[in-house]
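Engineer: First, the structure itself, so that you have it in front of you.
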Amino acid sequence: MSRVLVPLANGFEEIEAINIIDVLRRGDIEVLVASLDENSAVKGAHGISVLCDMQINDIVVDMLDMIVLPGGWGGTIALRDDETVQNILKEMDKKGKNIGAICAAPLVLHSAGVLKHNYTCYPTIEEQIREDGFDETKMVVEDGNIMTSRGPATAICFALQIVKKLKGKEKYLSVKASLLADFCE
């Protein structure tokens, strides 16, 4: 079974995190939700708390197929500033493992030095990354082992693309149909 890490930090964007976790689990992907510290409950940007399965310090990169970072400004800054998250991203990229980020979170990939040339993100965040390679016309952009997306409204399509990447087209189409997500490519 494919295994994906979704690290959460206070201030994460709830729509993105929950959609990613839910859609991936519907796609028969094991999702590990990890907090940055010993608190198992992490509070999102809009006051919704999520109980995490584990702490980020318990993660071993070899047990993962992918890491996916939700956005939300507070959560993004915490993920960017967390040494363990930065090291996981660098090690995963070095091993060619899949990495995803949505909304403001591509900034975390940029800080780790793993963001490839082509990407997308929440409007204005590209100003803190670079405008060269930024694509505001697509919901999801893939470049090598990196997948990025725009924001809360694109979270289902982003998660479906992850299902396609990890589980194949048949599983992708099945989950997409059950979600009535005809608007996703």
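Engineer: For the chain, what is the calculated [θ] at 222 nm in deg cm²/dmol (nearest 500), taking -39500 (n - 2.57) for each run of four or more DSSP H residues and dividing by its residue count?
Structural biologist: Values: 7 runs with 69 residues, N = 185.
That calculation yields -11000 deg cm²/dmol at 222 nm.
Engineer: Do any GluC sites (Glu not before Pro) in segment 12-44 lie in a DSSP loop with no more than 14 other beta carbon atoms within 10 Å, and if so, which? All intermediate terms of the calculation are to be shown ahead of the outcome.
Structural biologist: Values: sites: GLU13, GLU14, GLU16, GLU30, GLU38; in loops: GLU13, GLU38.
Within segment 12-44, the qualifying GluC sites (Glu not before Pro) (loop, at most 14 other Cβ atoms within 10 Å) are GLU38.
Engineer: Compute the FRET efficiency between THR124 and SER49 as 1/(1 + (r/R0)^6), taking r as their Cβ-Cβ distance and R0 = 30 Å, and round to the nearest 0.05. All intermediate terms of the calculation are to be shown ahead of the outcome.
Structural biologist: Working: r = 28 Å, r/R0 = 0.92.
In this case the efficiency is close to 0.65.
Engineer: Using a Förster radius of 22 Å, what is the FRET efficiency between GLU185 and ASP22 based on their Cβ-Cβ separation? Nearest 0.05, please. If you can, show how the numbers build up before the last one.
Structural biologist: On the way: r = 19 Å, r/R0 = 0.88.
With a Förster radius of 22 Å, E is 0.70.
Engineer: With a 10 Å radius around each residue's Cβ, average the other Cβ atoms per peptide and rank 124-130, 176-182, highest first. All intermediate terms of the calculation are to be shown ahead of the outcome.
Structural biologist: Values: 124-130: 14.6, 176-182: 12.6.
Packing order, densest peptide first, comes out as 124-130, 176-182.
Engineer: Once a ≥ b ≥ c are taken as the square roots of the eigenvalues of the Cα gyration tensor of the chain, is the result rounded (a/c under 1.5), prolate (a/b larger than b/c) or oblate (a/b not larger than b/c)? Walk me through the numbers before you get to the answer.
Structural biologist: On the way: a/c = 1.27, a/b = 1.08, b/c = 1.17.
It comes out rounded by the Cα gyration axes.
Engineer: Given a 1.4 Å probe, how much area per residue of the chain is accessible, in Å²? If you can, show how the numbers build up before the last one.
Structural biologist: Numbers: 8170 Å² over 185 residues.
Per-residue accessible area for the chain comes out at 44 Å².
Engineer: Could you give the size of the charge dipole of segment 112-178 about its Cα centre, using +1 on the Cβ of each K and R and -1 on the Cβ of each D and E, expressed in debye and rounded to the nearest 20? Display every interim value, and only then the final one.
Structural biologist: Numbers: 10 positive and 9 negative charges, 119 e Å.
Roughly 580 debye, rounded to the nearest 20.
Engineer: Hey, another quick one. Report the Cys residues of the chain lacking a disulfide-compatible partner, meaning no second Cys Cβ under 4.7 Å from their Cβ.
Structural biologist: CYS52, CYS103, CYS121
Engineer: In addition: How high is the FRET efficiency between ASP58 and LYS169 when r is their beta carbon distance and R₀ equals 35 Å, given to the nearest 0.05?
Structural biologist: On the way: r = 33 Å, r/R0 = 0.95.
After rounding, the FRET efficiency stands at 0.60.
Engineer: Something else: Size of the dipole of segment 46-158 about the Cα centre, Lys and Arg at +1 and Asp and Glu at -1 on the beta carbon, nothing else charged, in debye to 20?
Structural biologist: Details: 9 positive and 17 negative charges, 21 e Å.
Rounded to the nearest 20 debye, it is 100 debye.
Engineer: Output the relative contact order of segment 111-185, whole-number percent, from Cα pairs under 8 angstrom with separation of 6+ residues. Each step should come with its number before you reach the end.
Structural biologist: On the way: 84 pairs, mean separation 17.8, N = 75.
Relative contact order of segment 111-185: 24 percent.
Engineer: 5 Å is the cut-off here: which amide hydrogens, built 1.01 Å from N in the peptide plane, fall below it relative to MET66, excluding neighbours closer than 5 in sequence?
Structural biologist: Hits under the 5 Å cutoff: ARG3, LEU5.
Engineer: Which percent of the accessible area of the chain is formed by carbon and sulfur heavy atoms (probe 1.4 angstrom)?
Structural biologist: On the way: 3820 of 8170 Å².
Result for the chain: 47 percent of the exposed heavy-atom area is carbon or sulfur.
Engineer: Excluding residues fewer than 8 places away in the same chain, name every one of the aspartates and glutamates whose C-alpha is closer than 16 Å to that of LYS95.
Structural biologist: List returned: ASP62, ASP65, ASP143.
Engineer: Looking at the chain only, what percent of DSSP beta bridges run antiparallel? Nearest 5 please. Kindly include the intermediate steps, with their values, before the conclusion.
Structural biologist: Details: 7 of 26 bridges.
Once the DSSP bridges in the chain are tallied, antiparallel ones form about 25 percent.
The values are calculated or read from the model by the stated rules, or taken from the named source; none is laboratory data. If you're wondering where the values come from, they're calculated on a predicted model, not measured in any experiment. Neighbour counts are summed over all protein chains in view; Cβ atoms, including those assigned to glycine, are modelled from backbone coordinates with ideal geometry. For accessibility, only protein heavy atoms count, side chains too; no ligands or nucleic acids. Shrake-Rupley method; radii C 1.70, N 1.55, O 1.52, S 1.80 Å.
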